[in-house]
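Notes follow once the structure below has been shown.
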Amino acid sequence: MPRHLLPLALALTLAACASRTATPQDWPAQLQQWSAVPLLMLGEQHDAAAHQDWQQATVKQLADQQRLAALVIEMAPSTGSTATLARDAGEAEVQQALHWQDAAWPWQRYREVVMSAVRAGVPVLGGNLPRAQMAAAMADTSYDTHLDAAGWQRQMDAIRSGHCDLLPQSQWAPMARIQLARDASMARAAESAIRHGRTVVLVAGRGHVLQDIGIASWLTKGVDFRIAIAHPGPRPRDAGADAHWWESTEALPEQDHCAALRQRFQPKASSTADSARQRP
């Protein structure tokens, strides 16, 4: 090669290397790199079907490699478990064993994730706080100091915005306590399932798996874990250190999830105002 072309060739080579380095690897390859991690938390948006597909593929990859210790799910209470069921158990048996509540968590949305583990002979464990314990959690002020001030405020802000600014401020703290109690419950379920040389997969809404304020804050010190969060469209700009991996899926049509809620409350507010105006 002519000497005067050497700098150009070197620049092109470095650019090509930089391009390859900057290209993120795919999820199966990343999952393979985490083969020694005892706990993997997958965060989802509940109404994004692509996120359940991603979870199912993750469960299948680990199960096929004999690396899956257990599947822990937010969608069933901690009293539920398929540990005593056979691989060929029917879906009705699985739902009964998990104490599944279809009204809250449509079975068809999660059946492939759950049944992939069952068919592989891997236990599926409920992780969520049982409903009977929620009232006590709402009144337990010890949760208020579990996180630092910034973390607690972030939980409160999530409750406020998640309820479309329609929830009375007096209810923000009780609802945040439930959130933390559910995180603690899922952390206990996941830790109880850890087995040497295998990985526990925990599936929950993305708010539960945020690194600094979610389930990880309840884990015993020294437990190694990784967090991967699926997100419709590009990774959020303010994601920060919430996760070790962001799985971008196809963007969903824009929806105003608060519209229906506002419509429910607006007539009541209008009726109250009308009544007040009619009083003598």
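Each reported figure results from applying straightforward, stated rules to the coordinates on display, with no laboratory input. As the structure is a prediction and not an experimental result, all values here were calculated from the model. Neighbour counts are summed over all protein chains in view; Cβ atoms, including those assigned to glycine, are modelled from backbone coordinates with ideal geometry.
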query: What ranking, highest mean first, results for peptides 130-140, 177-187, 222-232 when packing means the other Cβ atoms within 10 Å averaged over each residue?
result: 177-187, 222-232, 130-140
query: Can you work out the FRET efficiency for the pair Asp148 and Ala120, with r the C-beta to C-beta distance and R0 = 41 Å, to the nearest 0.05?
result: 0.55
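So if each residue of separation counts as 0.36 nm, and I subtract the Cα-Cα distance between Gln33 and Arg131, what length gain in nm does that give? Each step should come with its number before you reach the end.
Numbers: separation 98, 0.36 × 98 = 35.28 nm, distance 3.75 nm.
Extra length from Gln33 to Arg131 when fully extended: 31.5 nm.
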Most to least packed among 147-153, 204-210 [average Cβ atoms within 10 Å]: 204-210, 147-153
